[in-house]
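K.L.:
I have a structure I would like to understand better, so I am pasting it below and will then ask my questions one at a time.
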Amino acid sequence: NVAVFDTAFHQTMEPEDYVFPIPYEYTTKYDCRRYGAHGTSHKYLSEVGLNYLKGVKHPKIISCHIGSGASITAIKDGKSIDTSMGLTPVEGLVMGTRSGDVDLGAITYLMDKLGLSVADLNTIINKKSGVLGVSGVSSDMRDIEDAIAKGNERAKLALDMFEYRLLKYIGAYTAALNGVDLIVFTGGIGENQVITREYICKGLNYLGVKFNKELNAKTRGEELEISTPDSKVRVVVIPTDEELTIATDTMNLVTK
């Protein structure tokens, strides 16, 4: 029997990346730290992504696994150096029903104001927040796009928040990597939501990102580069294959 953990790929992070700024004894005594998630996906994306960076000595990749659950990972020389999810999958990006980053003071304020229990709060931040909580419509981006087309302002706000948080994390990880060579999109939204990929590419033109709008518009669920030949940063869509990563890791382990 082989157990392949979704957190394994992120074990290369340094302490300054995975330790929370809370009393240090909580880190050592209770293992309360950043572990990340979607590791099998980010590992796969980093390996396939190298096909687009042949000749680059120290490749810098930002992989964006964007679905109902979403995370971003900064990858240097094939190793994860930072990732957006924390001890649990709640931290980081705005997601389908998860809140992502929220001021903890706001959380304790609501707990006091509404008399919420830990269980209540856990349900709110995991199942009632994110795109669903803001829009009041759905956690499914297809429903959000339909609602926006009908003039629903809250659905538009939810999409704007989702995309803006994504852009901010890519910017932060570009700084952490001291540059970026390749940006990868995957997951249900990353592979299929044309408007989000366009928003990100336009928002990164200061990095020299140039994309093919026509090619991006028709790219859904297939591996394809959507950046132009003169783009300083390559941008690709790569359908993830976590099952293959798990199988490969298992084979490598049992055949050693």
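The values are calculated or read from the model by the stated rules, or taken from the named source; none is laboratory data. As the structure is a computational prediction, the values presented were derived from the model and not from experiment. Positions of Cβ are generated from backbone atoms using ideal geometry, with glycine treated the same way; all protein chains shown enter the neighbour counts. For the accessible areas, the whole protein counts, side chains as well, though only heavy atoms, and no ligand, DNA or RNA atoms are used. Shrake-Rupley method; radii C 1.70, N 1.55, O 1.52, S 1.80 Å.
K.L.:
Within the bounds of segment 56-65, is there any residue that is within 18 Å of T174 (Cα to Cα), assigned to a strand (DSSP E or B) and β-branched (V, I, T)?
P.N.:
Yes - at least one qualifying residue is present in segment 56-65.
K.L.:
OK, next. Name the residues in segment 18-55 that are assigned to a loop (DSSP other than H, G, I, E, B), open to solvent by 60 Å² or more (accessible area, probe 1.4 Å) and under 26 Å from G221 (Cβ atoms), would you?
P.N.:
Correct list: K54 only.
K.L.:
Which count do you get for residues in segment 77-108 that are in a loop (DSSP other than H, G, I, E, B), open to solvent by 40 Å² or more (accessible area, probe 1.4 Å) and either of a type outside the set (A, V, I, L, M, F, W, C) or over 27 Å from R142 (Cα atoms) (or both)?
P.N.:
Going through segment 77-108 one residue at a time, the tally reaches 8.
K.L.:
Are any residues in segment 188-209 open to solvent by less than 20 Å² (accessible area, probe 1.4 Å) and farther than 26 Å from R142 by Cα, and if so, which ones?
P.N.:
G208, V209, listed by residue number.
K.L.:
Shifting gears a bit: Filter segment 225-256 down to the residues that are among the hydroxyl-bearing types (S, T, Y) and surrounded by fewer than 18 Cβ atoms within 10 Å (Cβ to Cβ), then identify the one that is farthest from K202 (Cα to Cα).
P.N.:
If we take residues in segment 225-256 being among the hydroxyl-bearing types (S, T, Y) and surrounded by fewer than 18 Cβ atoms within 10 Å (Cβ to Cβ), then T255 is farthest from K202 (Cα to Cα).
K.L.:
D6 is checked against (1) buried (at least 16 other Cβ atoms within 10 Å of the Cβ); (2) touching a strand residue (DSSP E or B) at 6+ places or on another chain (Cβ under 7 Å) and fails just one. What number does that condition carry?
P.N.:
Result: D6 passes all but (2).
K.L.:
Just need a number here: residues in segment 102-134 that are without any contact (Cβ under 8 Å) to a residue 24 or more places away in the chain and polar (S, T, N, Q).
P.N.:
Within segment 102-134, residues that are without any contact (Cβ under 8 Å) to a residue 24 or more places away in the chain and polar (S, T, N, Q) number 4.
K.L.:
Is there a residue in segment 57-73 that is surrounded by fewer than 20 Cβ atoms within 10 Å (Cβ to Cβ), in contact (Cβ under 8 Å) with a residue 40 or more places away in the chain and among the hydrophobic types (A, V, I, L, M, F, W, C)?
P.N.:
Within segment 57-73 (the criterion being surrounded by fewer than 20 Cβ atoms within 10 Å (Cβ to Cβ), in contact (Cβ under 8 Å) with a residue 40 or more places away in the chain and among the hydrophobic types (A, V, I, L, M, F, W, C)), the answer is no, since none of the residues qualifies.
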